[in-house]
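For reference, the structure discussed in these notes is given below.
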Amino acid sequence: MTRRHQRALAAPGPLATATWNRLPPSRLPKDSDRDQIAAEPHHAMRASGLLRLQRTFGNAATTSLLTQDQPFGAALVVQRQPKPNPVDQAGRALRDFEAWADDEKKLQNVTDKAAVVGLDPKQAASVQAAAAKIVAYIPTMRSAAAKADPSIAALNTAVTLAKKASSLMKSRDQIDQLEAGHARNQSRDAVTQAISKVSQIDAGIDVKGLIKNLKAIEAALNGGGSLGDVIKYLNTTISELQKVRTEADKRADSAQRVDVLLRAFLTVNNPAFKAAPTAKEIAAIKSLLAGGLGDEFAAVFGSAVDYDFFVDFANAWGQQIEAREAMTKATGRPAPVIPSQVDAQTYFAAVARKGNAEVFDAYQSFASAFFVHRGIASVADLRLKVSDLFSAKASITGRRGLVCTGFATMGAEVLARAGATLDGFSVGIHASDDMVRDDKLEEQGHAIARMTRGGKAFSVSNQVIVQVKNALVGPDAIKWGNQSNPLFVGDGRTMETAVDKMLEKVAARKKVLMRGK
């Protein structure tokens, strides 16, 4: 309802104008800011201010100042700070965790917070406390939704009575006119009752606008305003109040899901965590995880932007649940939270009789669920064996960090168990002449495994199967790095050989450049 509409309801005619004119200034309508100022003593003192007085002048002098009989003394009172909302406290703790994860990403030199290894015990305790605050506040959210029902019922009664009054007003009979006035007063009383009920709705839901609108309607009923407008705005307010109820219920449901997610995160990092999500809780939330629970974080905290780590983790956790289910179905035995090299070999051997589409999907699901790209490869990364990749400690999202060479090596290993043949590895890097001349190959390179299965050639590129013979070269090559720089590609039966071949080509180019000096 706009302010113009509120004025139209509150002062539609002489009777309403007279009513407002009789009110003292303190009861005249005010803007929200003025209402807030008027609700506080002009010389209200916060507890910190009182403490400073006590320390400076002593208790006796402070007591005298607070109790002396003078105009300002009466207004000098201690102003208490409102008790922090538990959900706001939880949100602050989770944002602090996000900041910690971002700092760790930089310290560990990884490109994604999801690749950070090692959960600080203090951060784990903070996330656990945040989950506890959220779940403890859910009954308050549910209560807020329930508190909307009496208000809606009262407003529906107000509409019925306002319609009755409007109908009776059309009669010329004096008794009908009196009855119309009575119905109007009853409608106003129902609105007054609704205002009282709406003001009791809490759980962080802002109902100030609703109350302001209802007070305008109340004034219109009390002052002879148009019943047609009253009925119209009552129905609008009922719709808005129903939205408030829906929002409160949704917020409670969302809080429940966020709590489950936080406990899942703690379980991934500590298998002995006692409050791990139950099978029933996981089943209830599983279908929503692919979206990252962004809507749930927005419903609980007002925005999902500041919680991107947990939104990403929700998606990863959903992938892990689905991948473990697929592993269990294929092998006939429960899959571990973080699969070992033997678990991976067993799984892909179990799907060896499946078609390419199913095997390729199995790899992409497995690789996305249990591995994460952690950034630019070092020389040491280029020499890692499959056993090294699987023995690495998992990140705080339950995924082992790999670079492109690691994905190619791991992919070649597991897909060979599923019946694929390794044709070789290819490693490439885009490098300008200046980069080659100065030995500054800082641009990220890429590596793939070239494989064939059932007569179909394909490439393993990180977590993805690219169905071309060599995804680094040719018209169907993937795009990465600075395409304007020359591409140096090395091929070999092993990753180490492919790396050496690529570096040989870079060295040959450098010789040409140095001769041209």
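For the stretch 298-308, what does the Karplus curve 6.51 cos²θ - 1.76 cosθ + 1.60, with θ = phi - 60°, yield as ³J(HN,Hα) per residue in whole Hz, taken in order and with x for Gly and Pro?
5, 5, 7, 10, x, 6, 9, 4, 7, 10, 5
Which lysines, if any, have their Cα less than 24 Å from the Cα of Lys393, not counting same-chain residues under 8 positions apart?
Cα-Cα hits under 24 Å: Lys105, Lys106, Lys113, Lys122, Lys274, Lys385.
Please label the shape of the stretch 363-517 as rounded, prolate or oblate, based on the square roots a ≥ b ≥ c of the eigenvalues of the alpha-carbon gyration tensor (a/c under 1.5 means rounded; beyond that, a/b larger than b/c means prolate, else oblate). Numbers along the way, then the final one.
Details: a/c = 2.08, a/b = 1.54, b/c = 1.35.
Here the stretch 363-517 falls in the prolate category.
Can you give the translational diffusion coefficient of the stretch 118-222 in µm²/s, computed by Stokes-Einstein from the Kirkwood radius over Cα pairs at 10 °C and 1.306 mPa s?
Details: Rh = 16.5 Å.
Translational D for this selection: 96 µm²/s.
Can you give the accessible area of His182, probe radius 1.4 Å, in Å² rounded to 10?
Rounded to the nearest 10, that gives 90 Å².
Run the numbers for Ser196 and Glu240: contour at 0.36 nm per residue of separation, minus the present Cα-Cα distance, in nm.
14.2 nm
Taking N as the number of residues in the stretch 258-332, what value does Rg over Cα atoms divided by 2.2 N^0.38 Å take? Walk me through the numbers before you get to the answer.
Working: Rg = 12.9 Å, N = 75, 2.2 N^0.38 = 11.3 Å.
Compactness ratio reported: 1.13.
Based on the alpha carbon coordinates of the stretch 466-517, what radius of gyration and maximum Cα-Cα distance (Dmax) apply, in Å?
Over the stretch 466-517's Cα set, Rg and Dmax evaluate to 13.3, 43 Å.
Please give me, ordered by residue number, the GluC sites (Glu not before Pro) of the stretch 384-486 that lie in loop per DSSP and have at most 11 other Cβ atoms within 10 Å.
Those that pass, being in a loop and sparsely packed, are Glu442.
Using each residue's phi in the stretch 468-485, evaluate 6.51 cos²θ - 1.76 cosθ + 1.60 at θ = phi - 60° and report the 3J(HN,Hα) Karplus result to the nearest Hz, with x for Gly and Pro.
Listing the rounded values in order: 9, 5, 9, 6, 8, 10, x, x, 9, 5, 6, 9, 7, x, 8, 5, 6, 8 Hz.
Sorted by accessible area with a 1.4 angstrom probe, largest first, how do Lys479, Lys505 fall?
Numbers: Lys479 155, Lys505 105 Å².
Output order, biggest surface exposure first: Lys479, Lys505.
Can you find, among Thr278, Phe309, Leu262, the residue farthest towards the positive end of the dipole of the stretch 236-381? Put +1 on the C-beta of Lys and Arg, -1 on that of Asp and Glu.
My answer, from the dipole projection, is Thr278.
Shape call for the stretch 300-456 from the C-alpha gyration tensor, a ≥ b ≥ c root eigenvalues: rounded (a/c under 1.5), prolate (a/b greater than b/c) or oblate? Can you show the working numbers first?
Details: a/c = 2.08, a/b = 1.16, b/c = 1.80.
Oblate.
How high is the FRET efficiency between Asn482 and Lys280 when r is their beta carbon distance and R₀ equals 51 Å, given to the nearest 0.05?
Numbers: r = 51 Å, r/R0 = 1.00.
With a Förster radius of 51 Å, E is 0.50.
Give the lysines whose C-alpha is closer than 26 Å to that of Lys510, dropping any in the same chain fewer than 8 places away, or say none.
Answer for Lys510, where 26 Å is the Cα cut-off: Lys440, Lys479, Lys501, listed by chain and number.
List the lysines whose Cα sits under 24 Å from the Cα of Lys208, skipping any in the same chain fewer than 8 residues away.
Within the straight-line limit of under 24 Å, Lys208 reaches these lysines: Lys30, Lys83, Lys147, Lys197, Lys232, Lys243, Lys250.
Sequence-distant or interchain residues sharing an amide H contact under 5 Å with Asn462, placed H: which?
Distant-sequence amide H within range of Asn462: Ala408.
Amide H to amide H, which residues 5 or more places from Asp423 or on other chains are under 5 Å from it, using H placed in the peptide plane?
For Asp423, the qualifying residues are Arg450, Met451, Thr452.
Compute, for the stretch 362-509, the length of the dipole vector about the Cα centre, with Cβ point charges of +1 (Lys, Arg) and -1 (Asp, Glu) only. Units Debye, rounded to 20.
Details: 18 positive and 15 negative charges, 122 e Å.
About 580 debye.
Please give, to one decimal in nm, the separation of the simple spin-label points placed at Ser226 and Gln341, each 7 Å out from Cα toward the Cβ.
Going from the Ser226 label point to the Gln341 one covers 8.1 nm.
Applying 1/(1 + (r/R0)^6) with R0 = 30 Å to the Cβ-Cβ distance of Ile211 and Lys170, what FRET efficiency is obtained, to the nearest 0.05?
Working: r = 32 Å, r/R0 = 1.06.
E between Ile211 and Lys170, to the nearest 0.05, is 0.40.
Largest first and to the nearest Å, give the Cα extent of the stretch 217-359 along each principal axis.
Between the extreme Cα coordinates on each principal axis of the stretch 217-359 lie 82, 36, 27 Å.
The values are calculated or read from the model by the stated rules, or taken from the named source; none is laboratory data. Bear in mind the structure is a predicted one, so any value in this text is a computation, not a measurement. Cβ: placed from backbone, ideal geometry, glycine included. Neighbour counts: every protein chain shown. Calculation scope for accessible area: heavy atoms of the full protein, side chains included, ligands and nucleic acids excluded. Shrake-Rupley method; radii C 1.70, N 1.55, O 1.52, S 1.80 Å.
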